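Participant: This structure is in structure tokens; I'll ask about it shortly.
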Amino acid sequence: MAEIRNRYDALVIGGGIAGIQAALDLGEQGFEVLLVDRYPSIGGVMVGLNKVFPTLDCSSCICTPRMAEAAHHERIQLQTYTEVRSVVRQGTDFEVDLVLKPRYLDEDTCIGCNECELACPVHVPHEFDYGLGSRRAIYIPHGNAIPQKAVLVPGECVFCGKCEKVCPTHCIDFTQEARRATTTVGTVIIATGLQITPMDKKPEYGGSRFPNVMSPLAMERIQSSNGPYGRVLRPADGKIPRSIAYVQCAGSRDRSIGIPYCSRVCCMYALKQALLLRHYIHDVDVTLYHMDIRAFGKGYEQFYRRVMAEGVKVIKGKVAKITEVDNYDLLLRVELLDEDGRVVERRHDLVVLSQGLVPAWHPKGTIDVAEADDGFLLTPEAKVNPSFTTMDGVFVAGVAAGPKDIPDAIVEAGEAAMAAANYLYVARRRARIQEPALVH
Amino acid sequence: MTEEAKPSAEKKDKPKRPIEILRDRHGGMSKELKEFFNEQQRVFKAIKTALKAGPKTVPQLAAECKLDSPKTMWHVMALRRDGDLVESAERDGYLVYSLKGEER
């Protein structure tokens, strides 16, 4: 693994699709970039998605070539499993303090063979599958992970030492400890991405109590060919679901949970998943309960019409409560908005809560940029300079600035890279002007 | 120093193995992990034993092993991922699982 150098032109925080795009755009312009991700693999949320709307292209097929390009780019240094502790302005530059978390193996000699994972006796819920699948205490994050290097979680380890014994390259190093590193960078791009609204935000929906009430990201994994079940099954009992409901605006557009904004992607990902469920399970009943469908992007309205034409029921109705009945089935109490608010009860095998997007990271204590009221980074010049933050030389890309879909995140990442490059050119020009002239 | 104490003193001088260094740094295996791990081994064994008698669905396995169904499902999927179980058929809307090599 390459050591942290004294200086880089740019630091990109977050290795999701926005951070990768920003790093690639800067690298291609000739800037030296340090791309930092706190997780053991880059790829962010996108690499775990099944397909993207409205084209239904394979998500990881789009994401992984860019991940590989960033990892092999001569001017991008990838630093995974690393936390940014602080970023402090020094003149036009920034002093960066990093914590390099130990993987408990030598990254240079690990060949990603999986032997350690297969030898480990402990199975734990896998974060990549949102707990539905399992991994071991030492594991490679997933099949598309970059880098393809294992990581050991000591808190899950039974200290049997089997991983060390089976490693063909003897790369396991139990004595590793977290290391601190500092560097100086000329500019910073924050691309720290998203989480979905916590499943327990609306207790009346039972998201954290009922196993068959699931998050949309868990459904992405279930629908994926490399998902935890290999096909669509109920988490409670392995039943092939015959009736599936989507509850829209389950984690946004709701002042009662402190998330008043529209998350912009929920209508479209729900429509996409609903359509794919119709493809994956013959004659399955899929119903979307919504306040209104917001299909605003290129080709989105046509996609919405296609989903309805292919048999997905789209009902204007507000779900008030979900209860679990016998056999882990679910009973939804729905106010039908198109029928004068008539209240009905509908039974479904499986329910997906269309959770909203919230920021995955907050800058307080790390870097002195302001957040907006909604918790995303404040972009004071949102109309003309959407990537500008409240600190000169620090830019934001992707969902860290607010909810958006993948195309918008990539476009804004390009804009952030261009703004960061511009900042670097101006700073260099100013530095040259301030240098004392040589007198001959 | 008593005679009984001598061997342990010698043991102390012996350099620690790397796995022991890791264990000591993290305070050993927590009680929760120990219980979790033991329970996991018990559930895996119970599922495999139940399947020796023939293929079963997750609710059937849960009933036979006296486990709750979601927990059984998670463990069945872990065994499936390891290649110990395979899906052998579909019965009344559920998949039927068998031990690998014993599909009927």
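Participant: Straight-line reach only, C-alpha to C-alpha below 15 angstrom: list the aspartates and glutamates that A:LYS162 could link to, leaving out same-chain residues fewer than 8 apart.
Facilitator: A:LYS162 reaches A:GLU115, A:GLU117, A:ASP173, B:GLU20.
Participant: Lysine pairs, Cα distance under 16 Å, 8 or more residues apart or cross-chain: how many in the range B:30-99?
Facilitator: 8
Participant: How large is the direction-averaged shadow of the alpha-carbon convex hull of the range B:30-99, in nm²?
Facilitator: Mean orientational projected area (the range B:30-99, Cα hull): 4.6 nm².
Participant: Sticking with this one: Quick one: Cα centre-to-centre distance for the range A:329-377 and the range A:82-115, in angstrom?
Facilitator: Each part reduced to its Cα centre gives a spacing of 34 Å.
Participant: A further question on this structure: Restricting to the range A:7-166, compute how many DSSP beta bridges are antiparallel as a %, nearest 5.
Facilitator: About 65 percent, rounded to the nearest 5.
Participant: Which FRET efficiency value, to the nearest 0.05, is calculated for B:ARG17 and A:ARG5 with the Förster distance at 51 angstrom and r the Cβ-Cβ distance?
Facilitator: FRET efficiency, B:ARG17 to A:ARG5: 0.90.
Participant: List the relative contact order of the range B:30-99 as a percent without decimals, with contacts defined as Cα pairs under 8 Å and 6+ residues apart.
Facilitator: Normalised by residue count, the contact order of the range B:30-99 is 33 percent.
Participant: Treating cross-link reach as a plain straight distance, find the lysines whose alpha-carbon is under 29 Å from the alpha-carbon of A:LYS318, omitting any fewer than eight places away in the same chain.
Facilitator: The qualifying lysines are A:LYS51, A:LYS201, A:LYS202, A:LYS239, A:LYS272, A:LYS298, A:LYS404.
Participant: Related question: Considering only DSSP beta bridges whose two residues both sit in chain A, what percent are antiparallel, to the nearest 5?
Facilitator: Expressed as a percentage, antiparallel bridges in chain A total about 55.
Participant: Farthest toward the dipole's positive end in the range A:371-440, which of A:GLY393, A:ILE433, A:THR379, given Cβ charges of +1 (Lys, Arg) and -1 (Asp, Glu) about the Cα centre?
Facilitator: Among A:GLY393, A:ILE433, A:THR379, the one farthest towards the positive end of the dipole of the range A:371-440 is A:ILE433.
Participant: Moving on to the next point. Wrap a convex hull around the Cα atoms of the protein assembly as shown, take a quarter of its surface area, and give that in square nanometres.
Facilitator: 33.8 nm²
Participant: Oh, and also: Could you tell me which of A:LEU26, A:GLY44, A:PRO125 has its Cα farthest along the dipole of the protein assembly as shown towards the positive end, charges placed at Cβ (Lys, Arg +1; Asp, Glu -1), taken about the Cα centre?
Facilitator: Value computed over the given set: A:PRO125.
Participant: Find how much the distance from A:VAL99 to A:ARG347 grows on full extension, using 0.36 nm per residue of separation minus their present alpha carbon separation; answer in nm with one decimal.
Facilitator: 84.3 nm
Participant: Assign unit charges at the C-beta atoms only (+1 for Lys and Arg, -1 for Asp and Glu), then state the dipole size of the protein assembly as shown relative to its Cα centre in Debye, rounded to the nearest 20. All intermediate terms of the calculation are to be shown ahead of the outcome.
Facilitator: Numbers: 71 positive and 72 negative charges, 149 e Å.
So the dipole magnitude of the protein assembly as shown works out to roughly 720 debye.
Participant: For a test of the definition: using alpha carbon positions, the gyration tensor, and the 1.5 limit on a/c, classify the range A:197-356 as rounded, prolate or oblate.
Facilitator: rounded
Participant: By average Cβ neighbour count within 10 Å, what is the ranking of A:340-347, A:146-153, A:366-373, A:273-280 from highest down?
Facilitator: A:146-153, A:273-280, A:366-373, A:340-347
Participant: Could I ask something else about it? Sort the following peptides by mean Cβ neighbour count (other Cβ atoms within 10 Å, averaged over residues), highest first: A:221-229, A:301-309, A:390-398. Could the numbers behind the result be given before it?
Facilitator: On the way: A:221-229: 20.3, A:301-309: 15.4, A:390-398: 25.0.
Per-residue Cβ counts within 10 Å, averaged per peptide and sorted highest first, yield A:390-398, A:221-229, A:301-309.
Participant: With each run of n ≥ 4 DSSP H residues scored as -39500 (n - 2.57), what mean residue ellipticity at 222 nm is computed for the protein assembly as shown after dividing by its residue count and rounding to the nearest 500 deg cm²/dmol?
Facilitator: Calculated from helices alone, the mean residue ellipticity at 222 nm is -9000 deg cm²/dmol.
Only the coordinates and a few stated rules stand behind these numbers; no lab work does. Everything numeric in this text was worked out from a predicted model, so none of it was measured. Using ideal geometry, Cβ is built from the backbone for each residue, glycine included, and neighbour counts are taken over all protein chains shown.
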